[in-house]
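K.L.:
Quick one: the structure is below, and I'll ask about it shortly.
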Amino acid sequence: MKITKTTAASSIGEVALFTLTNNSGASVELSSLGAGIVKVCVPDKDGKIENVALSYASPADYLADGPCLGKVPGRYANRIAKGHLSVDGKDYQLAINNGPNALHGGPTGFMNRIWEAEELPDGVRFTYNAADGEESYPGALKTVAEYHWSDDNVLTLKLSATADKNTVVNLTNHAYFNLEGADAGSVLTHEMRINASRWLPTDETQIPTGELAPVAGTPMDFTSFKEIGRDIKADFEALRIGKGYDHCWVNDGYEKGKMIEDIVTLKAPASGRVLTVGSTQPGVQIYTGNWLAGSPLNNSGKSYEDYDGVAIEMQGFPDAPHHDNFPSQSLKPGETYEQTIRFAFATE
């Protein structure tokens, strides 16, 4: 594995960028800003290597961007209703930054911090130490995002965290993929399968109601391959609320600590590229880039448009602290939060 490091300036300090190139010439670029995925350059069916992760032209543009492109949000990814959190009987008011709710750990969150970086033989370990009370969350939290890149084009992300007080944690990666090429336009012709027979309906503000509803007979059914865009404009309340898909599916076969390697499979018809995403997490938030328009300029010198990429966010359930029937996202001193996400790239 060849690893090269460069740096770039930003308003909050120097950003370290690491390019990991395997023996076949496929590569991944990672950033210390938000412990982010900047590029994933993999071959198509004809052997042409191209970046398939949406990316900005300037490393500094990842700071405080709306789409949270490629980064690790935290300490609680996704939404918490009305920013209200209760831990050990004490109430905490989080920042409201998404309608009436808290999103991705707050306006700054982990995604807009520069993480410490350490090179590994086949990857990079990023570490961020959040102070007690940062973004109003209880407890100092040490978070590690460790990436590994293999010769068979598998990118593995190991997420872990420890705390000195009772708190909540929900970590993921927010990369957007377009398997025809990062700047190729709409992903609505991509085919997708999700091994999930249930999903989480939400209210108008995209907070789960608590129901685990069957996908059968609804536009949320991806249990067999279908084009992402086939039902995206259907007369269905959830799609109207989100302007497309921005919902959490319940991963079939979930057991705490169990790795499921094929939760989501994404295929691009022209390039023949295939992405299979697996995880130890209970849910997957699929977001079809419904609000990408107006983002910073990409490497083609233009802004992305809505639906130019799809984010496949393996995570705990949104708003889990308010739902006793959801898998707990609580973390106590002496415990370690540990989750793994696996992005496997191939062709057919």
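The values are calculated or read from the model by the stated rules, or taken from the named source; none is laboratory data. Since the structure is predicted, the reported quantities are computational estimates derived from the model, not experimental observations. Here the Cβ positions follow ideal geometry from the backbone for every residue, glycine too, while neighbour counts run over all protein chains shown. Each accessible area value is taken on the protein alone, full model and side chains, heavy atoms only, with ligands, DNA and RNA left out. Shrake-Rupley method; radii C 1.70, N 1.55, O 1.52, S 1.80 Å.
K.L.:
Return yes when Asp306 is open to solvent by 30 Å² or more (accessible area, probe 1.4 Å), within 19 Å of Leu200 (Cα to Cα) and of a type outside the set (Val, Ile, Thr) and no when it is not.
P.N.:
When the stated conditions are applied, Asp306 does not pass them.
K.L.:
Here is a further query. Residues Lys82, Lys71, Lys45: which one is under 19 Å from the mean Cα position of the chain (by Cα) and basic (Lys, Arg)?
P.N.:
Answer to the selection: Lys71.
K.L.:
Could you check the stretch 318-348 and list, in sequence order, the residues that are within 19 Å of Asp252 (Cβ to Cβ) and among the charged types (D, E, K, R)?
P.N.:
Arg342
K.L.:
Looking at Thr280, is it within 19 Å of the chain's Cα centre (by Cα) and modelled with pLDDT of 95 or more?
P.N.:
Yes.
K.L.:
So the check is Cβ under 7 Å with 6+ separation or different chains; which pairs have a first residue in the stretch 107-118 that's touching a residue at least 60 places away in the same chain (Cβ under 8 Å) and closer than 10 Å to Val15 by Cα and a second one that's of a type outside the set (Phe, Trp, Tyr) and open to solvent by 70 Å² or more (accessible area, probe 1.4 Å)?
P.N.:
Qualifying pairs under 7 Å: Ile114/Ile12.
K.L.:
I'm trying to understand the selection: among the residues of the stretch 119-135, which are open to solvent by less than 70 Å² (accessible area, probe 1.4 Å), under 20 Å from Ser10 (Cβ atoms) and not hydroxyl-bearing (Ser, Thr, Tyr)?
P.N.:
Result: Val124, Phe126, Ala130, Glu134, Glu135.
K.L.:
Condition first: aliphatic (A, V, I, L, M), assigned to a loop (DSSP other than H, G, I, E, B) and over 21 Å from Asp122 (Cα atoms). Now tell me which residues in the stretch 154-184 satisfy that.
P.N.:
Within the stretch 154-184, Val169, Leu171, Leu179, Ala182, Ala184 qualify.
K.L.:
So, one more: Looking at Leu63, Leu85, Leu103, Leu94 in this structure, which one is surrounded by 19 or more Cβ atoms within 10 Å (Cβ to Cβ) and either farther than 26 Å from Thr209 by Cβ or aromatic (Phe, Trp, Tyr) (or both)?
P.N.:
Leu63
K.L.:
Give the residue, chosen from Asn170, Asn166, that is polar (S, T, N, Q), open to solvent by less than 10 Å² (accessible area, probe 1.4 Å) and within 27 Å of Ala81 (Cβ to Cβ).
P.N.:
Being polar (S, T, N, Q), open to solvent by less than 10 Å² (accessible area, probe 1.4 Å) and within 27 Å of Ala81 (Cβ to Cβ) holds for just one of Asn170, Asn166, which is Asn170.
K.L.:
Ok, one more. Within the stretch 119-166, track down each residue that is touching a residue at least 40 places away in the same chain (Cβ under 8 Å), touching a Ser or Thr at 6+ places or on another chain (Cβ under 6 Å) and of a type in the set (Val, Ile, Thr).
P.N.:
Thr162, the sole residue that qualifies.
K.L.:
Taking the condition more than 20 Å from the chain's Cα centre (by Cα) and on the phi > 0 side of the Ramachandran plot, does Asp88 pass?
P.N.:
It is true that Asp88 is more than 20 Å from the chain's Cα centre (by Cα) and on the phi > 0 side of the Ramachandran plot.
K.L.:
A follow-up question, please. Just wondering, is there one or more residues in the stretch 145-157 that are open to solvent by less than 20 Å² (accessible area, probe 1.4 Å) and farther than 23 Å from Glu261 by Cα?
P.N.:
No, that holds for no residue.
K.L.:
With respect to Asp324, determine if the residue is open to solvent by 70 Å² or more (accessible area, probe 1.4 Å) and at pLDDT 95 or above.
P.N.:
Considered against the rule, which asks whether it is open to solvent by 70 Å² or more (accessible area, probe 1.4 Å) and at pLDDT 95 or above, Asp324 comes out as yes.
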